[in-house]
1. Of the residues in the range 52-80, how many are part of a loop (DSSP other than H, G, I, E, B), modelled with pLDDT of 90 or more and out of contact with any Lys or Arg (no Cβ under 7 Å at 6 or more places or on another chain)?
2. Restricting the first residue to the range 1-17 and requiring it to be more than 20 Å from TRP132 (Cβ to Cβ) and at pLDDT below 70, which pairs with a second residue that is surrounded by 10 or more Cβ atoms within 10 Å (Cβ to Cβ) and not small (Gly, Ala, Ser) meet a Cβ separation below 8 Å and a spacing of at least six or different chains?
3. Starting from the range 69-94, keep only residues that are among the small types (Gly, Ala, Ser), then list their pairs with residues that are assigned to a strand (DSSP E or B) whose Cβ atoms are within a distance under 7 Å, requiring at least 6 positions of separation or different chains.
4. Test of understanding: among TYR77, TYR136, which residue is at negative phi and touching an Asp or Glu at 6+ places or on another chain (Cβ under 9 Å)?
5. Taking only pairs six or more apart or across chains, which ones have beta-carbon atoms under 9 Å, a first residue in the range 108-124 that is within 15 Å of TYR89 (Cβ to Cβ), and a second residue that is surrounded by 15 or more Cβ atoms within 10 Å (Cβ to Cβ) and among the acidic types (Asp, Glu)?
6. Do we have PRO105 as loosely packed, with under 13 Cβ neighbours inside 10 Å and closer than 18 Å to ARG78 by Cα here?
7. Checking the structure you have, find out if any residue of the range 139-153 is in contact with a strand residue (DSSP E or B) (Cβ under 7 Å, 6 or more places away or on another chain) and among the charged types (D, E, K, R).
Amino acid sequence: MLDISFGALFQISIWLCVLFATISYTKGVLRRFNAVISNWHQFIDYIPFTPKEFYVAVQREIQEKKIPHLRFSLITYRQGGLFSQGREYMRVQCKEYIFDVCAAPCASGFFVSYWMGEESDPIADFWKNMPWIGRYFRNRPKTFFELDNEAIFKELISGSIKKVFTELSSLKGSRIIPETYPI
């Protein structure tokens, strides 16, 4: 029979917690952007404005909506590998919801895109990655309140981005072709 003392079991459990915390940290915090909820992009054949002009106009438009807990920041994503050139995005964040907005020249034209997702939570990631009990944390569905907050935030921010894009583009004398959606 195995003779394991309480102290040895405690030490093993501490090491397991450290291992799972490390896994959670690697999978969660380093990824920062958990899952893509929505994205949008639009391209035009000319360059109507600079990315900075677009970011300032979008920030002004969104601030007029007086959304609580809203933060703006600029982040850089690499275009490819570690040593590739970086592309600057404007991050709009409200609690755990994130919009990363990109405005940049591309070929002979210009594009604007956004990616909406949720921010990683290292504590939640830790519990979700625990064996046996993690499945109870992973499988909790969002409440109607959480789904409503997500939908309204998405509608407010995406509407502001599209409005500013259309306004700034039309100031330069060209009309944006409206998006078509499948039925």
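The values are calculated or read from the model by the stated rules, or taken from the named source; none is laboratory data. Source: prediction; values computed, not measured. Neighbour counts are summed over all protein chains in view; Cβ atoms, including those assigned to glycine, are modelled from backbone coordinates with ideal geometry.
1. Final tally of qualifying residues: 5.
2. Taking only residues 6 or more apart or on different chains, not a single pair turns up.
3. Taking only residues 6 or more apart or on different chains, the pairs are SER73/ARG91; SER84/ARG78; GLY86/THR76; GLY86/TYR77; GLY86/ARG78.
4. Testing whether each residue is at negative phi and touching an Asp or Glu at 6+ places or on another chain (Cβ under 9 Å) leaves just TYR77.
5. Listed pairs, sorted by first residue: SER113/ASP100; TYR114/ASP100; TRP115/ASP100; MET116/ASP100; MET116/GLU150; GLY117/ASP100; GLU119/GLU96.
6. Against the criterion (loosely packed, with under 13 Cβ neighbours inside 10 Å and closer than 18 Å to ARG78 by Cα), PRO105 qualifies.
7. Yes, the range 139-153 contains at least one residue that is in contact with a strand residue (DSSP E or B) (Cβ under 7 Å, 6 or more places away or on another chain) and among the charged types (D, E, K, R).
Let's see how each residue does on (1) under 15 Å from CYS94 (Cα atoms); (2) surrounded by 11 or more Cβ atoms within 10 Å (Cβ to Cβ); (3) at pLDDT below 80:
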| residue | (1), (2), (3) |
| --- | --- |
| THR143 | no, no, no |
| GLU146 | yes, yes, no |
| SER169 | no, yes, no |
| GLY173 | no, no, yes |
| GLU179 | no, no, yes |
